[in-house]
Amino acid sequence: MAGISRRGLLGGGAAVAAAGVAAGGYALGQAAAGEQDVAEDGGLVYAFRGEHQAGITTPAQDRLHFAAFDVITDDRQALVDLLVQWTAAAERMTKGLDAGPVGAVDGPYNVPPDDTGEALGLPPGGLTITFGFGPSLFSKNGVDRFGIADRQPAALADLPHFPADVLDAEKSRGDLCIQACAQDPQVAVHAIRNLARIGFGTVSVRWSQLGFGRTSSTSTSQDTPRNLFGFKDGTANVKAEETAALEDYVWVQETDDGGDWLAGGSYLVARRINMTIEVWDRQPLDDQESFIGRTKGTGAPLSGGTEFSEPDFDMPGSNDQPIIPVDSHVAVVHPDHHGGMRMLRRGYNFVDGSNDLGGLDAGLFFIAFVRDPDTQFLPIQQAMAKNDALMEYLRFTSSALFAVPPGAGEGEYVGQALFT
Amino acid sequence: MRRHAMTPARKMARKMARKSARNLALVSALALTVPVLAACTEAVPSAESDDDGRTVTVTSDADSCEVSTDDVPAGTVTFNVTNTGDEVTEFYLLASDGLTIKGEIENIGPQATRQLVLNAAAGDYLTACKPGMVGEGIRSDFTVEESDEEVEVSADEQQLIDDAVSNYAAYVKDQSDQLLVATKKFVTLYEAGEDDEARALYPLARTHWERIETVAESFGDLDPEMDLREADLTAGEEWTGWHRIEKDLWPERAKNYTALTTKERTYYAEDLLANTETLDKRVQKLTYTVDQIANGSRGLLEEVATGKVTGEEEYWSRTDLYDFQANVDGARVGFEGVAPILETKDPELAASLRTRFQQMDDLLAQYRTGDDFVSYDDLTQAQVKELSDAVNALSEPLSQLTAAVLS
């Protein structure tokens, strides 16, 4: 029984292929090592350390467990210690190792194991663990608990109330967040569970969300998946291969506000969007396509072509209206109508069982990474709330904004520049 | 009250029952042994990886106990014991008197390998495998030679252990005595129909139970008769004890409740008192080991996490915070008892536990006036969460206590 470790079960899976293996070079933005382990189980390993945190341009994995935390101490050193411990545990788990150095079953019998064990026998699963800092980490009720209030970028502020927001305050915001993505849901849950455990006494889980299927593609090597409306969405996403666009729209630059510690990082917008599934399903196909502005089958804009054809918002249709309705989702949020502003969307479908009325408690857990939420998210959300025909079928139940620090280099902990 | 089998308290009860069946000389010896090291990490090493001569491989089957060497240098010695037989076996390192247990591994199942790590001083010993867990076992002589790395349990540490054990026994006896006194008073009030007074005393009397709950629970016959909740009854089971009376005193949450008659009141009151007397008698004879005290401390916090912070324990009276505080009190006494030992082994853990106990007490104090606490119903969800966070914060380091004390 002794000697079981996650990698030990992979049968030589620890072999690391050369960085160049990555199709299309999407290791870009990760450590130069860009560790890609194509194990026989198909599981990938993404390097935890690098210029940027993994889990942003990394090709979107299929599963998500996202957690927001409140820091329950005012002790700056305790917070830093936790970030050090989280960094070490995250690096281990992304390699497919146990959360702690002893492991789930190899330790002494009179101590709880330092790994919870449910990932034993599972591959690394392309696990990425991405950390973020919320506005309330810098200042909570006017109190600068950790001596970092003067380093809070102006853009890192609570999102305003938008029309159709019916937010559950307890399930919104947070001092810290962790996004765990993997090909296997148990690997993602294992990561959050163990990190939460490490954090007891310093942080408390505020809320968490499971996502069972990706709704975005973040690499040209991936198909665009469907959301629970049955449509392909986010076709105009910034992709990992668009090096220049990433600098323009995703990575915070040194000259930006907060760039002294946040350069190479990004902002993460999280919005839990409930869909009134049953009502949507009663809409005629024609109406559904008009609401989205794309065909349900191929995802091509109603102006024709294929999924990746540029929509022609001027193409006239019947009754002197454009073929793509002006209140369709694609028309309202398209970069063309927002000064070219784009975002890197990385959302997930969720179903949290059924509600009291028997309807699915389901929708899209929207995640977007942007360089500046003030110009790349707020105006688009406002336009959507005001004009988007889709809003009839959406309710926003959770909302949060986090600053995602750059990747941790060797010997560093995540977010180190903020505390030095 | 425990709802599930094989919680730490149950294990403790089982262990105590088993121990008591053994030679009493062995039981008292146990107080200072079983030092399983917290530092062993990866896979159980094979004999080949033994580079300091202190790793011993033992193979136990139905009629043999093969020990790879009968001679090791003093220091940290590791026994890797593999059971190749069909029955459960045990392994012992005994002092030369053949009675005093220096270290043991219980419950080594067929095909299992378990590890015993201990600090062995120079001297003559016996090894013993006990296939089938019966008899005196298959014994062989075993010698530990003088070496530079010798580590002994110092006289000082032995004193700390003795103090911890006797102080804890005194604490449990004292709480049990106080429980008996308060219970007598409580049942008298209840039988006399002085319900307001009985209601006021109920949570205070129970405080003495909750402080030693893990010990009280170790008596598997008394616990269900004294502390069972209605929700935990199996069909057809008679409901007696504290919570039966609790419901009769606070029937507000019950549907179509019929108050107990005077005769029924007397029946339940006398039953509770008789069981409390039995408990008090049994407690007088109990002895403890440091690992039992440390595990008891952890067990009490588990009680808080599963029953008190959730408001399930005192469903009718809503007096959960009294129990909460009492569990924490008992856990803190257990911790403080072994803390002098812990200070010599892991001062950082000791400091962290002390801080977390203090934070827990400070938080509870917000809901307390004198001896009395606010009703669980008066807590907001955010306050319950804050209490739960503090329980988690304390329980994580507390789960390391036993191993650290024994290291």
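The values are calculated or read from the model by the stated rules, or taken from the named source; none is laboratory data. Treat the numbers as computed from the prediction; the structure is a model and nothing was measured. Here Cβ is always computed from backbone atoms with ideal geometry, including for glycine, and neighbour counts include all displayed protein chains. Each accessible area value is taken on the protein alone, full model and side chains, heavy atoms only, with ligands, DNA and RNA left out. Shrake-Rupley method; radii C 1.70, N 1.55, O 1.52, S 1.80 Å.
Here are some notes:
- Each Lys and Arg contributes +1 and each Asp and Glu -1, all at the Cβ; summed about the Cα centre of chain A, the dipole is approximately 700 debye.
- Equivalent-ellipsoid semi-axes of segment B:122-173, from the Cα gyration tensor, Å, largest first: 30, 23, 6
- Accessible surface of chain B [probe 1.4 Å, protein heavy atoms]: carbon and sulfur percent: 50
- Separation of segment A:77-100 and segment A:222-282, taken as the distance between their Cα centroids, equals 26 angstrom.
- At 0.890 mPa s and 25 °C, Stokes diffusion of the protein assembly as shown via Kirkwood alpha-carbon radius, µm² per second: 80
- Packing rank of B:316-328, A:255-267, B:98-110, A:277-289, where each peptide gets the mean count of other beta carbons within 10 Å, highest leading: B:316-328, A:255-267, B:98-110, A:277-289
- Interface A:B - total buried accessible surface [probe 1.4 Å, Å², rounded to 100]: 1500
- Oblate is the label for segment A:243-313, because the ratio a/c of its alpha-carbon gyration tensor axes (a ≥ b ≥ c) is 1.5 or higher and a/b is not greater than b/c.
- Three-way shape label, segment B:230-301, alpha-carbon gyration tensor, a/c 1.5: prolate
- Partner lysines whose Cα lies under 18 Å from the Cα of B:K308, excluding those fewer than 8 positions away in the same chain, are identified as B:K247, B:K385.
- Legend: translational diffusion of chain A by Stokes-Einstein, Rh = Kirkwood radius over C-alpha pairs, 37 °C, 0.692 mPa s; D = 148 µm²/s.
- Taking N as the residue count of segment A:252-383, its C-alpha radius of gyration divided by 2.2 N^0.38 Å amounts to 1.26.
- Check: the protein assembly as shown dipole with +1 on Lys, Arg Cβ and -1 on Asp, Glu Cβ, in debye: 1400
- Whole-number D in µm²/s for chain B (Stokes-Einstein; Kirkwood sum over Cα pairs; 10 °C, 1.306 mPa s): 68
- Inter-probe distance in nm under a simple model that places probes 7 Å from Cα toward Cβ, at B:Q366 and A:N319: 5.8
- Split the accessible area of segment A:277-400 by element, probe 1.4 Å, and carbon with sulfur accounts for 50%.
- Surface composition of segment A:178-256: carbon plus sulfur atoms contribute 49% of the solvent-accessible area (1.4 Å probe, protein chains only, all chains present).
- Equivalent ellipsoid dimensions for segment B:46-152 as semi-axes, Å, which come from the Cα gyration tensor, largest first: 22, 15, 10
- Anisotropy class of segment A:87-223 from Cα gyration tensor, a/c 1.5 cut: oblate
- Value of relative contact order over segment A:220-377, rounded to a whole percent, pairs C-alpha under 8 Å and six or more apart: 29
- Dipole in debye (nearest 20) - chain B, about Cα centre, beta carbon charges: Lys, Arg +1; Asp, Glu -1: 1280
- Once the convex hull of all Cα atoms in segment A:150-222 is built, its volume per residue stands at 179 Å³.
- Selected from B:E238, B:E90, B:E145 as most flexible by GNM, with chain B as the system and alpha-carbon contacts under 10 Å: B:E238
- Interatomic Cα distance distribution for segment A:328-420, bins of 5 angstrom, percent: 2, 10, 16, 19, 16, 13, 9, 8, 5, 2, 0
- Solvent-accessible surface, computed for protein heavy atoms with a probe of 1.4 Å, shrinks by 20 Å² or more for the following residues of segment A:186-208 when the other protein chains are added to the isolated chain: A:R197, A:F200, A:G201, A:S204.
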